[in-house]
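Single-structure report; data block below.
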Amino acid sequence: MGYKTKDWRNSMRVTVDYNYMMAKSLGEKGIKDTELRRTKELAEQAFNYVTDNRGKDELFMGWTELPYNQDEIVADILATAKQVRKKFKYFVVLGIGGSALGPSMVFNALKHLHYNELKDKKRGGPKFYVEDNVDPVRMADLLDIIEPDKTCFNVISKSGATSETMAQFLIIADILEKQGLSLAEHMIFTTDANRGNLIKIDNKYGGKIKKYVLPDGVGGRFSELCPVGLLPAAVLGIDIKGLLAGAAYMDNLCSKSNIAKNPALACAVLQYITMKQGKNIHVLMPYCDNLKLLADWYCQLWAESLGKAVDLNGKPVNTGTTPVKSLGVTDQHSQVQLYIEGPYDKVITFISVSNYATQTPIPHGCDDIPDVGFLGGHTMQELIQAENKATAYALMRAGRMNYTINLPEVNAFTLGQIMYMLELQTAYAGAMLGIDTFNQPGVENGKIATFALLGKKGYEAQKAEMDAAPALEDKYIV
Ligand code: PA5
């Protein structure tokens, strides 16, 4: 691995501390070592399933290989990003789900929290927006602040058939054309190599639109480390080689089937055991504003992957736990009361950071008012870390399971590690549950119903079925 020194990489290792999940801390409410041992065989089977099927496109396991073999693509992306940074004032991602949550998360994690508000020189690159909704007000408001002639639009869609993304595309294409601007100059497509409507659209424009490939065996929610996420990150000046190196480093840390040596497998086993105990809510609570959107990204990864009606044999199972995003310390003043005293139906995963990008000292003042004075002389880093530890401890004392993923600092290398770890954890958990982790039939059903409602050709039968559904009754509308 040619990324910085070995010592540096090891100093940036992401770790998992699950003491507060175990009986030793929680007594009767915790997991016993014997329970971990009972799950050993299933965990090994899940590990072997994921390992044996690495890179298999037909199983949508292509994402496992993204940390490797992308040198040419990375070089191309860096060259394009350089041009985009030079030429454009705005970079807008049009996409939804897996095509939007990853780029938003990496932007949030690795750029200034008020990036778009920074002065041009300090920002150093285009203003950045991810449009992942079809709220008409949001689109109108975006159009109020960008200048289309100074904007590069990155349309990200594997299928090119996602109504939300394609509606956005139509609106933007119309504006560009009306302003006499060329699509080839102002758009970049990230899509399937051969299939899909974006390829057809590009053909209409003589194949002149710059395209990046969303590889065959990579589903949307596992796509952040391919051009879906790498191009927007590179345009923002983010170290994309660092992201990939971090993912490769974590892949190596997870190369054993023993949970004591594989952090992703350890987390999957903890989630599996608690899921079987009926703990149906899984809270992800980073103590770091830069990781706020990691929780959004993770919610999709976990929910869409594990929320399944049937197992691989077609047997009804209705699996999954509900992921909840939370932010420390903000949500200590909103949700933590429920987590500490409410039903025993949750597992809390904290994400802690050892060294924030800045410490921000708290000056002395009001020494005669003890409630305020004690804060002086500390730093905001000390305060957030103390609150993080205190909340984990208070939960443990109240018999509530929680574990902590620690990042030495937030940088491209550690972000690559945690992303890959959460992806592997999800794949292991899906294998333990015996489900298809990589499909999303529920989402597809919703897409089909939308097509029917908007009169898309070929969906007449679904429309008829929806029309025939029992009529809504006024008495149930208040
Ligand atoms: O994870 C997934 O596969 C989904 O969230 C998709 O990313 C989302 O539905 C968008 O699909 P597409 O890339 O085809 O526009």
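The values are calculated or read from the model by the stated rules, or taken from the named source; none is laboratory data. All values derive from a computational prediction rather than experimental measurement. Using ideal geometry, Cβ is built from the backbone for each residue, glycine included, and neighbour counts are taken over all protein chains shown.
Some observations on this one:
- Entirely in segment 161-233, the helices (runs of 4 or more DSSP H) that have 1 or more residues that are touching a helix residue (DSSP H, G or I) at 6+ places or on another chain (Cβ under 8 Å) and without any contact (Cβ under 8 Å) to a residue 12 or more places away in the chain: 163-178
- In segment 245-254, the qualifying residues are those that are more than 14 Å from ALA427 (Cβ to Cβ) and in contact (Cβ under 8 Å) with a residue 12 or more places away in the chain, and the one that is nearest to the chain's Cα centre (by Cα) is GLY246.
- Matching residues, segment 440-464, being touching a residue at least 12 places away in the same chain (Cβ under 8 Å), within 15 Å of the ligand (Cβ to nearest atom) and in a helix (DSSP H, G or I): PRO441, GLY442, VAL443, LYS447, ILE448, ALA449, THR450, PHE451
- In summary, GLY98 fulfils each of the numbered conditions (1) modelled with pLDDT of 95 or more; (2) within 27 Å of MET166 (Cα to Cα); (3) in contact with a Ser or Thr (Cβ under 9 Å, 6 or more places away or on another chain) with the single exception of condition (1).
- Filtered residues of segment 333-365 (kept if surrounded by fewer than 18 Cβ atoms within 10 Å (Cβ to Cβ), touching a helix residue (DSSP H, G or I) at 6+ places or on another chain (Cβ under 9 Å) and either within 27 Å of LYS111 (Cα to Cα) or in contact (Cβ under 8 Å) with a residue 40 or more places away in the chain (or both)): ILE340, TYR344, SER354, ASN355, ALA357, THR358, GLN359, THR360, PRO361, ILE362
- Residue ranges of helices (runs of 4 or more DSSP H) in segment 3-119 with at least 3 members among the basic types (Lys, Arg), surrounded by 18 or more Cβ atoms within 10 Å (Cβ to Cβ) and within 16 Å of the ligand (Cβ to nearest atom): none
- Every condition in (1) surrounded by fewer than 24 Cβ atoms within 10 Å (Cβ to Cβ); (2) more than 16 Å from the ligand (Cβ to nearest atom); (3) closer than 17 Å to ILE156 by Cα is met by PRO215 except one, and the failing one is (2).
- Flag for TYR420 being modelled with pLDDT of 90 or more and under 16 Å from VAL218 (Cβ atoms): yes
- Options LEU312, LEU270: the member that is surrounded by fewer than 18 Cβ atoms within 10 Å (Cβ to Cβ) and more than 16 Å from the ligand (Cβ to nearest atom): LEU312
- The set of residues from segment 53-112 being under 26 Å from ALA140 (Cβ atoms) and without any contact (Cβ under 8 Å) to a residue 24 or more places away in the chain is empty.
- Some residue of segment 223-245 being surrounded by fewer than 17 Cβ atoms within 10 Å (Cβ to Cβ) and either more than 20 Å from LYS127 (Cα to Cα) or acidic (Asp, Glu) (or both): no
- Selection within segment 16-42 - within 14 Å of TYR393 (Cα to Cα), over 28 Å from the mean Cα position of the chain (by Cα) and free of Cβ contacts under 8 Å to residues at least 24 places away in the same chain: LYS24
- The residue of segment 131-149 that is farthest from the ligand (Cβ to nearest atom), among those that are in contact (Cβ under 8 Å) with a residue 40 or more places away in the chain and surrounded by 14 or more Cβ atoms within 10 Å (Cβ to Cβ), is ILE146.
- Condition met for GLY220 (closer than 20 Å to GLN425 by Cβ, touching a Pro at 6+ places or on another chain (Cβ under 8 Å) and either hydrophobic (A, V, I, L, M, F, W, C) or crowded, with 21+ Cβ neighbours inside 10 Å (or both)): no
- Considering residues of segment 150-162 that are over 17 Å from PRO227 (Cα atoms) and more than 9 Å from the ligand (Cβ to nearest atom) only, the residue farthest from the chain's Cα centre (by Cα): LYS150
- If you check THR414, THR437, THR404 for being within 16 Å of the ligand (Cβ to nearest atom), among the polar types (S, T, N, Q), at pLDDT 90 or above and closer than 30 Å to ASN48 by Cα, only one passes: THR437.
- Residues satisfying the criterion are absent from segment 399-421 (criterion: out of contact with any helix residue (DSSP H, G or I) (no Cβ under 6 Å at 6 or more places or on another chain), assigned to a loop (DSSP other than H, G, I, E, B) and within 15 Å of TRP302 (Cβ to Cβ)).
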